[in-house]
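The values are calculated or read from the model by the stated rules, or taken from the named source; none is laboratory data. Please read these numbers as outputs of a predicted model, since none were measured by experiment. Positions of Cβ are generated from backbone atoms using ideal geometry, with glycine treated the same way; all protein chains shown enter the neighbour counts.
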């Protein structure tokens, strides 16, 4: 049922080198489909992410129980401006607990964090709103008041919890 060529020079250029080596039987067809199915399954196993592999090592930022703003400070424990900011970050973490979160990530201990957070210099402060969307980024030393002003400019009420305004009594 195929095309038959009487002389080899009449054959198309590619047909000269192609030979099926016999007829396709039902057994050969089933075996071919089996190989295709096995190769597809093997590729799926290799290419699909597994839960353990999908989690990155190191630079994990814990999610708060309720949606609150977050400031991530990406730096190193031994860099001078980072050392200057360490007590500020600790104060903010304690004083404003429940109002916003403060996290410190050391890129010398977690080098993949610099790629994850797209950091070019340290320290870098990255501010996120309650939905997790970045709204501001700063590189270098940032004072406590500048950090609080950054939250205020975005409309966040960053009054210390438990503080009452002067002249008011409850």
Looking at (1) touching a helix residue (DSSP H, G or I) at 6+ places or on another chain (Cβ under 9 Å); (2) surrounded by 13 or more Cβ atoms within 10 Å (Cβ to Cβ); (3) at pLDDT below 95, which is the only condition residue 92 fails? (3)
The lone condition residue 110 fails out of (1) in contact with a helix residue (DSSP H, G or I) (Cβ under 8 Å, 6 or more places away or on another chain); (2) in a loop (DSSP other than H, G, I, E, B) is (1)
Pairs under 9 Å by beta carbon, first residue in contact (Cβ under 8 Å) with a residue 12 or more places away in the chain and on the phi > 0 side of the Ramachandran plot in the range 131-151, partner surrounded by 13 or more Cβ atoms within 10 Å (Cβ to Cβ) and in a helix (DSSP H, G or I), six or more apart or different chains? 140/81
Quick one: which residue in 66, 57 is more than 18 Å from residue 100 (Cβ to Cβ), at pLDDT below 95 and either surrounded by fewer than 11 Cβ atoms within 10 Å (Cβ to Cβ) or under 14 Å from the mean Cα position of the chain (by Cα) (or both)? 57
Could you grab me the full set of residues in the range 114-136 that are surrounded by 14 or more Cβ atoms within 10 Å (Cβ to Cβ) and part of a strand (DSSP E or B)? 124, 125, 126, 127, 128, 135, 136
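So that you can scan it fast, the table gives a plain yes or no per residue for (1) modelled with pLDDT under 95; (2) within 20 Å of residue 90 (Cα to Cα); (3) part of a loop (DSSP other than H, G, I, E, B); (4) out of contact with any helix residue (DSSP H, G or I) (no Cβ under 7 Å at 6 or more places or on another chain):
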position: 138; (1), (2), (3), (4): no, yes, no, yes
position: 158; (1), (2), (3), (4): yes, yes, yes, no
position: 161; (1), (2), (3), (4): yes, yes, yes, yes
position: 167; (1), (2), (3), (4): yes, no, yes, yes
